[in-house]
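This report concerns only the one structure given below.
The values are calculated or read from the model by the stated rules, or taken from the named source; none is laboratory data. Treat the numbers as computed from the prediction; the structure is a model and nothing was measured. Counting neighbours? That spans all protein chains shown, and the Cβs are built from the backbone with ideal geometry, glycine included.
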Amino acid sequence: MRIVFMGTPAFAVPSLRMLLEEGYDVVAVVTQPDRPQGRKKTLAPTPVKVAALELGLPVLQPERLRRPESVAELAAYEPDLIVTAAYGQILPGSVLELPKNGCVNVHGSLLPKYRGGAPIQHCIMNGEKVTGVTLMYMAEGLDTGDMISRVEVAIEDEDTSGTVFEKLSVAGADLLKAEMPRLAAGRVEAVVQDDSEATYAPNLSREDERIDWSRGSLELYNQIRGLVPFSGAFTLWNGETFKAWAAVKPQAEEQPGGSAAPGTVLSVSERGVEVKTGDGTLRLTTVQPAGKKAMSAADFSRGATLAPGTVLG
């Protein structure tokens, strides 16, 4: 069986490696084009491209998979099965129709919840306790295809998007491994999604990253950990970005802060930057002032000019 694998971030790499380790014939890998990264805007390959080249696999990087020339290039590999994992583009019908055994996707949520490009981040930001991976047939809609199998993964209080990405990437590879014999034998029975239960997880915007201090402490704690290690959550201090990379989970029985306005800095110490929220306080333990690297609250407090009474916004 000839397999084309499609993926982009590190989430997809364990699934790709598993296919090779299990002896499946991966004839090509499709990933997003190299993108500029860092302050110098140096072109960088995707994690999947790096892994594919290490494994000696041909790599395709179409800017738009929908273009006829991109479809033709893919069709030349005559895939029997296409496997995707966080590829980053919706597959057009012309691609979905290519493999006789269909196109399957390793999706990082328990569908039909959290359809879209940022399911893990939204799941954590919403305070979910359980997530998982769904193996599904692909359709032209956004994560609307029939479900082949699912596996649940717990979200711990201290988990971030980064740690959950790692858990789900392994769980996804294991789920795909378990189902590959059936997929190799042909199309398998799958369960139709209940669209009435669907929720969506679109790619995050700048506004999703901004801290609204009038919200509850637990909501803000979940927002911060949901944005680690990617963009980080931010607020404004003297008109400049001030990022929060870690905080202490607030306890339900603690409601300190007095009558200060939300966003008011109550204290700055080695223990953290204590900020008033809509229903209490939140203690930030890793912060990043504009133009500097992320640092612990202990390091920040030693040279901090952020005075108690300052209102962040």
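Numbers for the structure displayed
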{"item": "Pairs with Cβ under 7 Å, 6+ apart, first in segment 201-230 and over 18 Å from Leu266 (Cβ atoms) and at pLDDT 95 or above, second of a type in the set (Phe, Trp, Tyr) and assigned to a loop (DSSP other than H, G, I, E, B)", "result": "Ala201/Tyr114"}
{"item": "Residues of segment 129-162 that turn out to be without any contact (Cβ under 8 Å) to a residue 24 or more places away in the chain and crowded, with 17+ Cβ neighbours inside 10 Å, as a count", "result": "1"}
{"item": "Selected residue (only one of Leu53, Leu91 is out of contact with any Gly (no Cβ under 8 Å at 6 or more places or on another chain), within 30 Å of Ser231 (Cβ to Cβ) and buried (at least 17 other Cβ atoms within 10 Å of the Cβ))", "result": "Leu91"}
{"item": "Sole exception among (1) of a type outside the set (Asp, Glu); (2) modelled with pLDDT under 95; (3) part of a strand (DSSP E or B) for Gly141, by number", "result": "(3)"}
{"item": "Hits in segment 268-283 (condition: under 27 Å from the mean Cα position of the chain (by Cα) and either surrounded by 24 or more Cβ atoms within 10 Å (Cβ to Cβ) or of a type in the set (S, T, N, Q) (or both))", "result": "Thr277, Leu282"}
{"item": "Residue within segment 251-267 that is β-branched (Val, Ile, Thr), over 28 Å from the mean Cα position of the chain (by Cα) and more than 26 Å from His107 (Cα to Cα) present", "result": "yes"}
{"item": "Residue pairs meeting the criteria (Cβ under 8 Å; at least 6 apart or on separate chains; first closer than 10 Å to Ala244 by Cα and in contact (Cβ under 8 Å) with a residue 24 or more places away in the chain, in segment 272-295; second among the small types (Gly, Ala, Ser) and part of a loop (DSSP other than H, G, I, E, B))", "result": "Thr286/Ala294; Val287/Ala294; Gln288/Gly232; Gln288/Ala294; Ala294/Gly232"}
{"item": "Residue under evaluation Ala28, criteria (1) touching a Leu at 6+ places or on another chain (Cβ under 7 Å); (2) of a type in the set (A, V, I, L, M, F, W, C); (3) assigned to a helix (DSSP H, G or I), criterion not met", "result": "(3)"}
{"item": "Options Lys249, Lys293: the member that is under 21 Å from Asp157 (Cβ atoms) and among the basic types (Lys, Arg)", "result": "Lys249"}
{"item": "Any hit, segment 36-56, residues being within 18 Å of Leu81 (Cα to Cα), touching a Lys or Arg at 6+ places or on another chain (Cβ under 6 Å) and in contact (Cβ under 8 Å) with a residue 24 or more places away in the chain", "result": "no"}
{"item": "Breaking point among (1) modelled with pLDDT of 95 or more; (2) among the hydrophobic types (A, V, I, L, M, F, W, C); (3) over 27 Å from Val153 (Cα atoms); (4) outside any loop (DSSP other than H, G, I, E, B), for Leu16", "result": "(3)"}
{"item": "Some residue of segment 249-265 being outside the structural domain of Pro119 (by TED's automatic domain parsing), assigned to a strand (DSSP E or B) and in contact (Cβ under 8 Å) with a residue 24 or more places away in the chain", "result": "yes"}
{"item": "Selection within segment 32-65 - assigned to a loop (DSSP other than H, G, I, E, B), of a type outside the set (Ser, Thr, Tyr) and within 24 Å of the chain's Cα centre (by Cα)", "result": "Gln32, Pro33, Asp34, Gly38, Arg39, Lys41, Pro45, Gln61, Pro62, Glu63, Arg64, Leu65"}
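Results for (1) among the aliphatic types (A, V, I, L, M); (2) part of a loop (DSSP other than H, G, I, E, B); (3) within 29 Å of Met147 (Cα to Cα); (4) not assigned by TED's automatic domain parsing to the domain that holds Leu110, shown as yes or no for each residue.
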| position | (1), (2), (3), (4) |
| --- | --- |
| Ser169 | no, no, yes, no |
| Leu176 | yes, no, yes, no |
| Arg182 | no, no, yes, no |
| Val188 | yes, yes, yes, no |
| Asn222 | no, no, yes, yes |
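Matching residues to (1) charged (D, E, K, R); (2) within 30 Å of Pro262 (Cα to Cα); (3) buried (at least 16 other Cβ atoms within 10 Å of the Cβ):
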| residue | (1), (2), (3) |
| --- | --- |
| Asp194 | yes, no, no |
| Asn203 | no, yes, no |
| Ile211 | no, yes, yes |
| Leu218 | no, yes, yes |
| Tyr221 | no, yes, yes |
| Ile224 | no, yes, yes |
| Val228 | no, yes, yes |
